[in-house]
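Below is one structure; the comments refer to it alone.
Values in this text are rule-based calculations from the coordinates and carry no lab data. As the structure is a computational prediction, the values presented were derived from the model and not from experiment. Ideal geometry is used to build each Cβ from the backbone, glycine not excepted, and the neighbour counts take in all protein chains shown.
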Amino acid sequence: MTVSVSPDPQLVVAETLLALLRDTTTEPRADIRLEALTLAVAADLPVLLWGEPGIGKTAALTQLAEALDLPLTTVIASVHEPSDFSGLPVVGDDPAVQGVPMAPPDWAVRLVRAGRGLLFLDELSTAPPAVQAALLRLVLERRIGALRLPAGVRIVAAANPRSSAADGWELSPPLANRFVHLQWTHDHEVVVRGLGGTWPRAALPRLDPARLPEAVAFARRAVCAFLGARPGLVHKLPNGEGRRGGAWPSPRSWEATLRLIAFATAAGSSRDVLSLLVRGTVGDGPGLELLASLDRMDLPDPESLLADPAGAVLPERGDLRQAALDGVVAAVRARPERARWDAAWALLVRAMETGAPDVVVVPATTLAALRREDWDVPAVVERLAGVVSLSRRADQAARRPARTAGARR
C-alpha cells in the first residue's frame, strides 16, 4: 500500500516563487551577436560560441531553441568517450559477411526520429584530443555511427577560453576550421533589461525571395575577386597553437564565408553582423580585408559621378566617401579633359556641402595638380580653398609641438 505524503506547504510556496522568477518575456531588439548567430544557424553552418564562464552562452542557446521551436539536445563533449560520437561496434550473426555496424547513441537516434532539432555541444574546449577527433565527422558530415543527422538539425557548440576552462585544451585545427567562431560577450543594457524580465527575441533572418539570385551572384563575385587578388589567403594555417584553434582561412572556410555573405545579402543584414560572421570564419585579418573589398564593390562608378555631379549620391561613411572621390580623381588622371576636370571640382563641392569637409582635402590637392595651362580655374575652387588652407594650417600646428618636443630631447 502506497502512502501519499503531502508536500511541505513552504515548498509549494517556493515553487510558486520560482515559477514567477522564470516568467520572462522577449522583445524585438537589435543585438548583433544574436542576429549573427541566427543567420549562421539559418545558413546551416556549425557555430562555436566562445565566452567566459557565466557569460550566458547556454542560456542564449536555450532561448534560441525555444524561439525557433526546435527540440534542444545538449551533449557535454568533455564527459563522452570517442566511441560516443563515432558509434559503438555491434557484432551481428556473421560479421565476416555482414560487417560490424556502428551503433549511434540514443540522443542521435532521437534527433533522427524527430527530423529536426538543435544539437548543442557544450564544453568543447575541455574535450581531449581523441574526442575532438571523433567530433570531426559529426560536425562536418553530420554522421554519427551509421546514422546521418537530417537536414532539419542545426549544430551549435560552446567553449570557454583555455585560460578559464577546467582542464582545457586548444581546439585542433581540423575541428576549429569547421566552425563559425563567435565571441560571446555581454551587453550591459541587455543584461539589465533581461534581469528585469525582458530579453531580446531570437528570430531567423527574413530572407527576401526576390534577392536570392542576386545575393548568390554577389557573394560569389565578392569572394572570387578577393581571392583572385590575394591568392596567398586561400589557405593559410596560423603559426601559433592558440590561433590554429580559432578561425583561419582555408577553402572550406571560404566556402562558408561565401554562404554567409549570400545569406546576409538576402536578409539585408548590417555590416556589423556581416563583420562578426566573416571574421569568425576566416579570421580577423583576412576578414577585414574582405570587408574592405566589399566596400569597394559598393562604391559608385566614377564615370557616373562625373556625368552628373549635381545629382551624385555619395556614400555616407567618411572612408567610403573618401575612396569614391579618390576614384573620381583617378578617372580624371586617366583621361584628362577640361569638362571632366570641371565636373570633378563640382563633385568635390557637393561632397563638402553634404558631408565632412575634410574628406575633400586630399582629392582637391591632387586634382589641382592635374590642371593644364590653358584650363581656367573654376569659380567653385574658391569655395574649397578655405577648407584646404585650414586643413594645412591644422597639420602644421599639429607638427609644431612634435618638433619642439624632439628638440628638447
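Observations on the model:
- 5 angstrom amide H check on Leu48, placed H, neighbours 5+ away: Ala157, Val180, His181, Leu182
- Remark on Thr26: its backbone amide H falls under 5 Å from those of Trp199, a criterion applied only to residues 5 or more positions apart or on other chains, H modelled at 1.01 Å from N.
- When you count the other C-beta atoms within 10 angstrom of each residue and take the mean per peptide, 331-337, 289-295, 200-206 line up highest first as 289-295, 200-206, 331-337.
- For the peptides 40-47, 65-72, 148-155, the ranking by mean Cβ contacts within 10 Å, running from highest to lowest, is 40-47, 148-155, 65-72.
- Angle in degrees between helix 251-267 and the longest Cα principal axis of the chain, rounded to the nearest 10: 80 degrees
- Remark on Ile144: its backbone amide H falls under 5 Å from those of Leu149, a criterion applied only to residues 5 or more positions apart or on other chains, H modelled at 1.01 Å from N.
- Assigned charges on the beta-carbon of Lys, Arg, Asp, Glu; the chain dipole about Cα centre (debye): 1360 debye
- Cβ charges +1 (Lys, Arg) and -1 (Asp, Glu), total dipole of region 249-339, debye: 140 debye
- Share, in percent, of DSSP beta bridges within the chain that are antiparallel, nearest 5: 15 percent
- Relative to the longest principal axis of the Cα atoms of the chain, the long axis of helix 9-22 lies at roughly 30 degrees.
- Projecting the Cα atoms of Val380, Ala146, Thr24 onto the charge dipole of the chain, computed from C-beta unit charges around the Cα centre, puts Val380 farthest toward the positive end.
- Rounded tilt (10° steps) of 212-229 against the dominant C-alpha axis of the chain: 70 degrees
- Fraction of antiparallel bridges per DSSP, region 105-165 only, in percent to nearest 5: 25 percent
- In this Cβ point-charge picture (+1 for Lys and Arg, -1 for Asp and Glu), region 209-297 has a dipole of about 160 debye about its Cα centre.
- Alpha-carbon geometry of the chain: the Rg and the Dmax are 28.9, 114 Å, given in that order.
- Ranked by the mean number of other Cβ atoms within 10 Å of their residues, highest first, the peptides 263-269, 218-224 fall in the order 263-269, 218-224.
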